[in-house]
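Contents: one structure, followed by commentary.
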Amino acid sequence: MKRALEQRLQSVEGFRNPRVDLEQYPTPAGLAAHVVHLAGLHDDLDRPVLDLGTGTGMLALGAALADAPRVVGLDVDSSALAVARENERRLPPATRVDWVRGDATRPPLAATDATVVMNPPFGAQRGNEHADRRFLQAASRLASVSYSVHNAGSREFVESFAADAGGEVTHAFRAEFELARQFDFHDADSKTLDAEVYRIVWV
Ligand code: SAH
């Protein structure tokens, strides 16, 4: 099931004009399939699934292809959402995704029992340093469970953030994050980042 999901997610197209200030990097299909598969095993796809910073729609479409009954993809960038919509048409999953434009750090949604899946900006760009902290904050309010992708070395930060917000990290694993050459400042054709994925149960 995971392999079939990954194969279908391979046809998700990347950003057309990726914005460096918004850290628009597509989540690799293999990583998205892994996260969605794990969420399915934990029955976390039975709740409304909310993808914060959905970008190309990769994680939202993964959840929809895995038959989550309700899926919302939120992004601040309308041109990313246009790509996500095209990706949905290309696939297309049985569950229709609701694409919502808005700021994930001030989410225009009222949920407390969602399953959040997200690959937020890592906060690597100047002026965006705590981007993943603000996304975690949003997840803690909206979700009873979240899956989030962070850059390597985030464990202490994520665990202490979760503990302070009354949550608990139940799973943590490393993942390779293949970055295609997208921005002029990238010198190699592609490079591999080490990423970390966390499942957090929020109370
Ligand atoms: N899983 C996505 C990852 C996209 S990268 C994919 O595979 O495409 C991070 C995304 O977060 C980008 O699409 C960016 O536009 C979005 N983003 C950045 N800041 C945001 C904010 N404050 N609110 C909502 N989305 C934001």
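The values are calculated or read from the model by the stated rules, or taken from the named source; none is laboratory data. Keep in mind that this is a model prediction, so the values were computed, not measured. All Cβ positions, glycine included, derive from the backbone under ideal geometry; neighbour counts span all protein chains shown. Ligands, DNA and RNA are stripped out before the accessible areas are found, and what is left, the full protein with its side chains, is counted by its heavy atoms. Shrake-Rupley method; radii C 1.70, N 1.55, O 1.52, S 1.80 Å.
Set the Förster distance to 22 Å, then compute FRET efficiency between residue 170 and residue 1 from the Cβ-Cβ distance, nearest 0.05.
0.55
Using a cut-off of 15 Å between beta-carbons, work out the net charge of the residues near residue 37 (Lys and Arg +1, Asp and Glu -1, residue 37 not included).
Numbers: positive: 2, 3, 8, 199; negative: 6, 43, 44, 46, 67.
Spelling it out: positives minus negatives among the neighbours equals -1.
For 194, 98, write out the residues from largest to smallest accessible area, computed with a 1.4 angstrom probe and no ligands counted.
My answer, sorted largest first, is 194, 98.
Given the rule -39500 (n - 2.57) for each run of at least 4 DSSP H residues, summed and divided by the residues of the chain, what is its mean residue ellipticity at 222 nm, to the nearest 500 deg cm²/dmol? The partial results should precede the final answer.
Values: 6 runs with 64 residues, N = 203.
The helix contribution divided over the chain gives -9500 deg cm²/dmol.
All other residues with a Cβ under 11 Å from the Cβ of residue 115 taken together, and with Lys, Arg as +1 and Asp, Glu as -1, what is their net charge?
In short, -2.
Compare the Cα positions of 190, 97, 166 along the charge dipole of the chain (+1 at Cβ of Lys, Arg; -1 at Cβ of Asp, Glu; about the Cα centre) and return the one farthest towards the positive end.
97
Under a 1.4 angstrom probe, counting protein chains only, how are 2, 191 ranked by accessible area, largest first? Walk me through the numbers on the way to the answer.
Numbers: 2 75, 191 105 Å².
Accessible-area ranking of 2, 191, largest first: 191, 2.
Using the Cα gyration tensor of region 1-96, with a ≥ b ≥ c the square roots of its eigenvalues, what is the shape: rounded (a/c below 1.5), prolate (a/b larger than b/c) or oblate (neither)?
Prolate shape, in that a/c is at least 1.5 and a/b is the bigger ratio.
Counting only the heavy atoms of the protein chains, how much of residue 157 is accessible to a 1.4 Å probe, in Å² to the nearest 10?
Using a 1.4 Å probe on the heavy atoms, I get roughly 50 Å².
As a test question: what accessible area, to the nearest 10 Å², does residue 15 have when a 1.4 Å probe is rolled over all protein chains in place?
So the heavy atoms of residue 15 present about 30 Å² to solvent.
Among rounded, prolate and oblate, which fits the chain when a ≥ b ≥ c are the square roots of the eigenvalues of its C-alpha gyration tensor, a/c under 1.5 means rounded, and a/b larger than b/c means prolate?
It comes out rounded by the Cα gyration axes.
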